[in-house]
Amino acid sequence: METVRDSSIDKILEKFNYLDDVVIDPNGEIVDWLEGSESEPYLTTKFHGEGRAKLRDAIIGLNGANEIDVRKVLELEG
């Protein structure tokens, strides 16, 4: 399967229209060689500066005493 670079997606979306999984070109014709689908946006997080070290220190804590119990945090996500 071929894919499109993220940087080109906006330009492609401007040219085509989508009706469920059907892709329609600017002339109103169905494009049978292309399948369209919309996915939900996703969130990406990245550490700034000393963020990774601060989180590590919070999890490990002083003298190895866990200050954050990661298992309990993950249970909250369930």
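Bear in mind these aren't lab numbers, they're just calculated from the coordinates by the rules spelled out. Only a predicted model underlies this, so the values are computations on that prediction, with no experimental measurement involved.
Things to note:
- Taking a straight line from the alpha carbon of residue 11, these aspartates and glutamates sit under 20 Å away, with near neighbours fewer than eight places off in the same chain left out: 2, 20, 21, 25, 29, 32, 35, 38, 40.
- Amide proton proximity set for residue 23, modelled H, under 5 Å, gap of 5+: 31, 36
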